[in-house]
1. Going from the alpha-carbon gyration tensor of the range 1-108, what semi-axes, largest first and in whole Å, does one get by taking the root of 5 times each eigenvalue?
2. For the range 66-121 and the range 22-53, what is the separation of their C-alpha centers, rounded to whole Å?
3. Tell me whether the range 100-154 comes out rounded, prolate or oblate; compute the Cα gyration tensor, take square roots of the eigenvalues as a ≥ b ≥ c, and use a/c under 1.5 as the rounded threshold.
4. Give the whole-number value, in cubic angstrom per residue, of the convex hull volume spanned by the C-alpha atoms of the range 1-45.
5. Express the relative contact order of the range 16-134 as a whole percentage, based on alpha carbon pairs under 8 Å and six or more residues apart in sequence.
Amino acid sequence: MPPEIRVTFLKSDDPLLSEVERLFQQMYDDQRGQGLLLHPPPDASGRWLAGIRGALGRLGCLVGAMEGDRLVGFLHAGLHVIPEFLGGGLAGRISHVFLSPGSRRRGVGRRMVEAAVEWLRARGADTVEVQVLSQNLSGLAFWEALGWKVELYQMRKPLRKTGGVEREETVRRPEEGPAGLQDVADVRRDEASPSEQGIRAPAR
Ligand SMILES: CC(C)(COP(=O)(O)OP(=O)(O)OC[C@H]1O[C@@H](n2cnc3c(N)ncnc32)[C@H](O)[C@@H]1OP(=O)(O)O)[C@@H](O)C(=O)NCCC(=O)NCCS
C-alpha cells in the first residue's frame, strides 16, 4: 500500500515554503505545453511566494500535501471582493494546485480543494473560482469530477514578437512617480516597427 498523504495548512514562516517554491517551478515547467501564452521569468516561484506570503492566514491560505516529512503537493487560494455590478459579496479563488506525478489519483487533490473551500467558506466566500489552461485536459476533468462548472473562456492576443507580456523593469527616480501610460508607450515604441512608431498613448 502507498504511504498515507496528509493534508495540512502551511504558515507564512513554515520551513516547507522553500519546497512549495520547488513544486511551483515544476508546475510552470509542466504548463509550457498546456497553452500558457505568458512567459514567467526564471525566478517566478520566488516572486510569487514573496507576493502571497504576507496575506497567508488572513486573505489567503496555503495547503500542503505531506508524505511523511516530504511535501508532495500544494494549493494556494485567496479571497477577493466581487464588484457590486456583479452582485457583490466575497469570492474565493484557487490560484494554483499541484501534486507531484507519483502522488496523483489517490484523492489528495480533492482533499486539498475541500480543505481550501472550507477555509474560504468560513471567511465569508459565497463562491469560488479557478482558471484552467485551455490544454490542461486532465485539470479540466479533475474540476468537473469535483462538480465545478465551466464559466469563462479567456482569450489573449500577443502584441509583441515575444508572444506574451514581458516585465518592464525600468529604474525610476522617486520624483518621477509611478510609471504611466506614456512610459509604457515609450517602451513599446522603441520596439515597434517604423510604421508603428507614430502612435502615442494619450498624454498624462
Ligand atoms: C489536478 C490534480 C491536482 C488532481 O489531483 P489528484 O490527487 O490526482 O486528483 P484526485 O485523485 O483527487 O481526483 C479526483 C477525481 O478527479 C478526476 N481526475 C483526476 N485526475 C484526472 C485525470 N488525469 N484524468 C481524468 N480525470 C481525472 C477523477 O474523476 C478523480 O476521481 P477518480 O480517481 O476516483 O477517478 C493533479 O493531477 C495535478 O497536480 N495536476 C497537475 C497540475 C494541474 O493540472 N493543476 C490544476 C490546474 S487548474
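Here, each number is a calculation from the coordinates, and none is a lab measurement. What you see is a predicted model, and the numbers here were worked out from it, not measured in a lab.
1. 24, 18, 15
2. What the calculation gives is 17 Å, centre to centre.
3. It is oblate, given that a/c is not under 1.5 and a/b is not larger than b/c.
4. Taking only Cα atoms, the range 1-45 has a hull volume of 124 Å³ per residue.
5. It comes to 25 percent, rounded to a whole number.
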